[in-house]
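S.K.: Got a structure here, written out as structure tokens. Questions coming.
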2 protein chains.
Amino acid sequence: MSDRFFLTEPPIGGRAFLLGDEARHCSRVLRAKEGDTIRVFDGRGTEWLASITALARDTVTVALAEPLATESGPRVQLTLAVALPKGERQKWLVEKLTELGTARLVPLVTERGVAEATEGARARLERGVIEACKQCGRNTLMEIAAPATLGQLAARHPTSLRLIAHPGGMPLCDQPIASPGDEMQEIVAAVGPEGGFHPEELALAAAAGFRPVSLGSHILRIETAAIAVASWKTLSLTSS
Amino acid sequence: MSDRFFLTEPPIGGRAFLLGDEARHCSRVLRAKEGDTIRVFDGRGTEWLASITALARDTVTVALAEPLATESGPRVQLTLAVALPKGERQKWLVEKLTELGTARLVPLVTERGVAEATEGARARLERGVIEACKQCGRNTLMEIAAPATLGQLAARHPTSLRLIAHPGGMPLCDQPIASPGDEMQEIVAAVGPEGGFHPEELALAAAAGFRPVSLGSHILRIETAAIAVASWKTLSLTSS
């Protein structure tokens, strides 16, 4: 069985539980049996081989073997603050950012944004993160942070390199980032709504130290812009 | 009216026609009238302001003003050869690659591929390219090339830098590409199906001069891998 299961609760003394959807998927969809070996991960960087010791309706109990893998965070961590698109595009965004190793997604509250990050929406996004982690082999969940305006974002990340996607900014590749050997670095990148940032937001961003960066000559959709920044970071800054 | 319309046929002597869907969208959905000004592009790099001179059921005739913009191709052109995913993921792939300025998409024929690039599928992909171009302001269509195996791909692009996405390859960012001042360069990158390339395909690719490149530590879905390569190329190699 090559499926991976997420542990909602941290393991205790070599024992762990699959709960809710994870338990149902394991027992009903895959018809796992006692003694079967599965792979589980805790969303905090660790994956284990685990042996099923008990199956109940909504709980599967497993005994953990030695950890298979422990992920260390990348040297450059990316926080993407995005004016969420609607519906399917939001779902895609979360799946792709998770696959591409983005550390944190912040629903960005903007003047012209169209989607509100309600508690229900956040729960849905978090479910999307778990699904993508299971599929792509990532053991550390992408964090879905509380919604924030640009001002709140700057206050939360006072020492990070702060970028804002805006036409006419410096091309992203000309932006000096970390040089090899630097300490762990955090990049915060803000991606605005379809209509763009309001001039007052841009003024506030400039005052808060966000540097405008351009993502090429075409008008990218929100999710494309965010995925492009995540890809660029993954493929350009995380060498072997 | 800010919509952009695609000219299926090249203009003749300052006159051009919107045909089929483009004509219906203009006349019925947007209820354009004679004398209205619209923007049109030919898919070969040129955009014009145009004045509507006649509206019929399936044809809208326009008189072209001076060109608004003529796109010159980027210095580094990217051809992505992709084992097409199915359904929505295929549609998504085409939209994103078009936005990100990929020059050409080749449906890659592989041992483990799941989607066939039939004539119908190609027509659908081409329609997706036009829709994305209209939205993102791109004036040169992304070409949907005829399907090819890795061997056929190498034969079609004998002088291009040829890359193949495969775990364990050299990180993409460590791959020497063009240096500033170089001539126009073409990169061909192959992205395989969910199950990966067959060992025989990998051997053939090595013999045909494809260099394996790694796209990070997670298992990327087909469309994510392709979009990541396109983003990396757009954001890393096309400075101002």
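Just so you know, all these numbers are worked out from the coordinates, no wet-lab data involved. From a predicted model like this one, the values you see are computed outputs, not experimental measurements. Counting neighbours? That spans all protein chains shown, and the Cβs are built from the backbone with ideal geometry, glycine included.
S.K.: Among B:Leu7, B:Leu153, B:Leu78, which comes first, second and so on when ranked by fewest other beta-carbon atoms within 10 Å?
M.R.: B:Leu7, B:Leu153, B:Leu78
S.K.: How high is the relative contact order of the range A:108-240, in percent, with contacts defined as C-alpha pairs under 8 Å that are six or more residues apart?
M.R.: Reported relative contact order: 32 percent.
S.K.: With springs only between Cα atoms under 10 Å apart, run a GNM on chain B and tell me which of B:Val62, B:Val106, B:Val94 wobbles the most.
M.R.: B:Val62
S.K.: Of the listed pairs A:Lys96/B:Lys96; B:Lys86/B:Lys134; A:Lys233/B:Lys134, which have alpha-carbon separations greater than 20 Å here?
M.R.: B:Lys86/B:Lys134; A:Lys233/B:Lys134
S.K.: Something else about it: Report the net charge of residues surrounding A:Asp3, where surrounding means a beta-carbon distance below 9 angstrom and charges are Lys +1, Arg +1, Asp -1, Glu -1.
M.R.: +3
S.K.: Further, regarding this structure: How far is it, in nm, from the label point at A:Arg44 to the one at B:Ala65 when both lie 7 Å from their Cα along the line to the Cβ?
M.R.: That separation, rounded to one decimal, is 6.3 nm.
S.K.: Related question: Taking other Cβ within 10 Å of each residue's Cβ, how do A:Thr140, B:Thr98 sort, fewest first?
M.R.: Taking fewest neighbouring Cβ atoms as first place, the list is A:Thr140, B:Thr98.
S.K.: Same structure again: Check the axis relating chain B to chain A and name the residue of B whose C-beta is nearest, distance in whole Å.
M.R.: B:Ser231, 2
S.K.: I need the inter-copy label distances for B:Glu200: point set 7 Å along Cα to C-beta, values in nm with one decimal, smallest first.
M.R.: Ordered by distance, the counterparts are at 6.6 nm.
S.K.: Would the range A:4-70 count as rounded, prolate or oblate if I go by the C-alpha gyration tensor, calling it rounded below 1.5 in a/c and otherwise prolate when a/b exceeds b/c, oblate otherwise?
M.R.: Prolate shape, in that a/c is at least 1.5 and a/b is the bigger ratio.
S.K.: Moving to a separate point now. Please work out whether the range B:113-184 counts as rounded, prolate or oblate from its C-alpha gyration tensor, where a ≥ b ≥ c are the square roots of the eigenvalues and a/c under 1.5 means rounded, while otherwise a/b larger than b/c means prolate and anything else oblate?
M.R.: Oblate is the answer for the range B:113-184, as a/c is 1.5 or above yet b/c matches or exceeds a/b.
S.K.: Right, here's the next one. If a paramagnetic tag sat 7 Å from the Cα of A:Ser217 along the Cα-Cβ line, which residues of the range B:206-240 would have the backbone N under 13 Å from that point?
M.R.: From the range B:206-240, the list is B:238-240.
S.K.: Could you list the GluC sites (Glu not before Pro) in the range B:1-97 that lie in coil according to DSSP, counting only those with at most 12 other Cβ atoms within 10 Å of their Cβ?
M.R.: Counting only loop positions with at most 12 other Cβ atoms within 10 Å, the GluC sites (Glu not before Pro) in the range B:1-97 are B:Glu34.
S.K.: Separate question: What list do you get for B:Lys33, A:Lys134, A:Lys96 if you sort them by fewest beta carbons within 10 Å? Walk me through the numbers on the way to the answer.
M.R.: Details: B:Lys33 9, A:Lys134 18, A:Lys96 26.
Fewest-to-most Cβ neighbours within 10 Å comes out as B:Lys33, A:Lys134, A:Lys96.
S.K.: Right, something else. Shape of the protein assembly as shown from its Cα gyration tensor (a ≥ b ≥ c, root eigenvalues): rounded if a/c is under 1.5, otherwise prolate when a/b > b/c, or oblate?
M.R.: prolate
S.K.: Another question about this same structure. If Lys and Arg each add +1 and Asp and Glu each add -1, what is the summed charge of the other residues whose beta carbon sits under 14 Å from the beta carbon of A:Lys96? Mind showing how you got there, number by number?
M.R.: Values: positive: A:Arg89, A:Lys91, A:Arg138, A:Arg221, A:Lys233, B:Arg89, B:Lys96, B:Arg221; negative: A:Glu88, A:Glu95, A:Glu99, A:Glu131, A:Glu223, B:Glu88, B:Glu95, B:Glu99, B:Glu223.
Net local charge, A:Lys96 excluded: -1.
S.K.: Here's something else I'd like to know. What does the average come to when, for each residue of peptide B:213-226, you count the partner chain Cβ atoms lying within 10 Å of its Cβ?
M.R.: Mean number of neighbouring Cβ atoms from other chains: 5.
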